[in-house]
Amino acid sequence: MMIVMKPTATEDQVQAVIDRIESCGARAHPSRGEEVTVIGAIGDREHVARLGLEGHEGVAQVVPILKPFKLSSAQLRPGDRTVVEIDGRKIGGESFSLIAGPCTVESRDQVMTAAPAVAASLFRGGAYKPRSSPYSFQGLGQEGLRLLAEAKAETGLPIVTELMDARDLEPVVEVADVIQLGARNMQNYALLSEVGRAGLPVLLKRGLSATLEELLMAAEYILKEGNPNVLLCERGIRTFETAYRFTLDLTAVPVLKELSHLPVIVDPSHAAGRRTLVEPLSLAAAAAGADGIIVEVHPEPDEAICDGPQQLRADGFAEYAEKVERAAAIAGKVLSNEPA
Ligand code: PEP
Ligand code: MN
């Protein structure tokens with residue numbers, strides 16, 4: 001249920017409603033907008049309905065939240081979008097973010113060449129890699145995290161890196177500014193809850209065959225633990241088309257923004273599977289109003305251990321970033337490369 005307070009409601013009246021909601025074991029999530037305060041009551045609908053909140057002082061109306069996702073729902077925060085702030089860099093709102101870096105951390109040389117070359121909003125790189133084959137390179141693990149920390153110390157770029165196993169949470173949290181949850185783990189509910197409790201912003205990738213509702217329900221697991229900083233990421237889905245790796249579902253961008261207040265990031269690299277498609281898909285995503293792009297960039301893609309064919313060449317990144325910046329401007333967004 002959603003309790004919409006009157007514009008004249010006092011802080012005491014808001015608090016009284018929160019206390020009443022919590023008295024029946026439900027959770028109250030107040031959202032204080034410019035005009036009105038809206039309180040989400042998340043819990044057993046019957047119990048909440050029996051509280052008679054309509055009659056409370058300061059309450060304008062009680063409206064059911066019709067979608068199964070609640071905390072991620074745009075309905076809960078009318079006219080108010082989540083902006084995630086990382087080291088002074090904003091993701092969401094008016095800002096457009098470029099998250100760039102190699103698929104996987106391979107060596108000190110590779111990371112320390114890539115990080116200054118991309119000069120993006122954030123730096124990405126996997127230390128733990130979800131590989132289709134157990135015989136493929138699985139990532140450098142803790143040594144990879146150490147190299148990412150070194151890259152951050154050198155460039156100041158915040159780090160986005162994937163967590164695959166809750167047992168690695170502690171070392172990942174020490175280095176990461178944003179924890180990436182990969183497409184294959186989107187419905188690993190135990191991991192989602194664990195990461196929700198860790199408190200760091202989370203980049204949550206859409207599963208290979210997940211609907212947008214399933215993506216939002218996965219986000220709900222993180223939000224429910226009290227972590228409001230979730231970035232939704234469209235990275236291509238499985239369709240009947242075989243001419244490229246996955247089908248980048250750009251309709252997801254405006255639809256997710258309609259359904260949810262959370263920022264929406266697009267990953268053109270994993271959808272495309274090959275370099276020549278990455279730029280056009282990036283331009284389309286930026287112009288469609290995405291809040292950012294996460295893209296793979298490598299100093300020497302031909303030597304890359306993993307995902308070489310899709311990684312952009314680091315020496316062409318500045319030119320690429322300029323074009324993406326212009327496409328984002330069409331959607332009224334400004335590239336945020338520097339801390340505000
Ligand atoms: C990645 O970003 O490195 C990755 C493996 O992506 P996805 O989970 O989308 O396949
Ligand atoms: Mn990759």
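The values are calculated or read from the model by the stated rules, or taken from the named source; none is laboratory data. If you're wondering where the values come from, they're calculated on a predicted model, not measured in any experiment. Cβ placement follows ideal geometry from the backbone for every residue including glycine, while neighbour counts extend to all protein chains displayed. The protein model used for the area step is the full one, side chains on, heavy atoms only, and it has no ligands, DNA or RNA in it. Shrake-Rupley method; radii C 1.70, N 1.55, O 1.52, S 1.80 Å.
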Item to complete: Sort out which residues of segment 312-321 are in contact with a Pro (Cβ under 9 Å, 6 or more places away or on another chain) and within 13 Å of Thr113 (Cβ to Cβ), and write them in order of number.
Response: Arg313, Ala314, Asp315
Discussion item. Going through Ile91, Ile86, Ile65 one at a time, which residue ends up being away from ligand 2 (no atom under 16 Å from the Cβ), farther than 30 Å from Glu322 by Cα and open to solvent by less than 20 Å² (accessible area, probe 1.4 Å)?
Written reply: Ile65
Worksheet item: Taking segment 291-311 as the search range and keeping residues that are in contact with a helix residue (DSSP H, G or I) (Cβ under 6 Å, 6 or more places away or on another chain) and within 15 Å of ligand 1 (Cβ to nearest atom), which one is farthest from Val38 (Cα to Cα)?
Response: Pro301
Worksheet item: Only one of Leu208, Leu169, Leu223 is within 16 Å of ligand 2 (Cβ to nearest atom), touching a strand residue (DSSP E or B) at 6+ places or on another chain (Cβ under 9 Å) and open to solvent by 10 Å² or more (accessible area, probe 1.4 Å); which?
Response: Leu208
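Results for (1) assigned to a loop (DSSP other than H, G, I, E, B); (2) within 16 Å of ligand 1 (Cβ to nearest atom); (3) in contact with a strand residue (DSSP E or B) (Cβ under 6 Å, 6 or more places away or on another chain), shown as yes or no for each residue.
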site	(1), (2), (3)
Cys233	no, yes, yes
Phe240	yes, no, no
Leu277	no, yes, no
Leu281	no, yes, no
Glu325	no, no, yes
Ala329	no, no, no
Glu338	yes, no, no
Worksheet item: Can you pull out the residues in segment 177-192 that are more than 13 Å from ligand 1 (Cβ to nearest atom) and open to solvent by 20 Å² or more (accessible area, probe 1.4 Å)?
Response: Asp177, Tyr189, Ala190
Worksheet item: Does Ser97 qualify as being at pLDDT below 95 and open to solvent by less than 40 Å² (accessible area, probe 1.4 Å)?
Response: no
Worksheet entry | Members of segment 319-340 that are modelled with pLDDT of 95 or more and among the hydrophobic types (A, V, I, L, M, F, W, C) | Ala321, Val324, Ala327, Ala328, Ala329, Ile330, Ala331, Val334
Worksheet item: Which ones in segment 224-270 are touching a Ser or Thr at 6+ places or on another chain (Cβ under 8 Å), of a type in the set (A, V, I, L, M, F, W, C) and either touching a residue at least 60 places away in the same chain (Cβ under 8 Å) or closer than 21 Å to Val84 by Cβ (or both)?
Response: Val230, Leu232, Leu259, Leu262, Ile265, Val266
Discussion item. Can you tell me which of (1) at pLDDT 95 or above; (2) outside any helix (DSSP H, G or I); (3) surrounded by fewer than 24 Cβ atoms within 10 Å (Cβ to Cβ) is the one Asp302 doesn't meet?
Written reply: (2)
Discussion item. Would you confirm whether or not segment 238-259 contains a residue that is hydrophobic (A, V, I, L, M, F, W, C), under 21 Å from Ala127 (Cβ atoms) and surrounded by 17 or more Cβ atoms within 10 Å (Cβ to Cβ)?
Written reply: no
Worksheet item: Mind checking which residues of segment 95-117 are within 20 Å of the chain's Cα centre (by Cα) and either farther than 23 Å from Ala285 by Cα or within 16 Å of ligand 1 (Cβ to nearest atom) (or both)?
Response: Ser97, Leu98, Ile99, Ala100, Gly101, Pro102, Cys103, Thr104
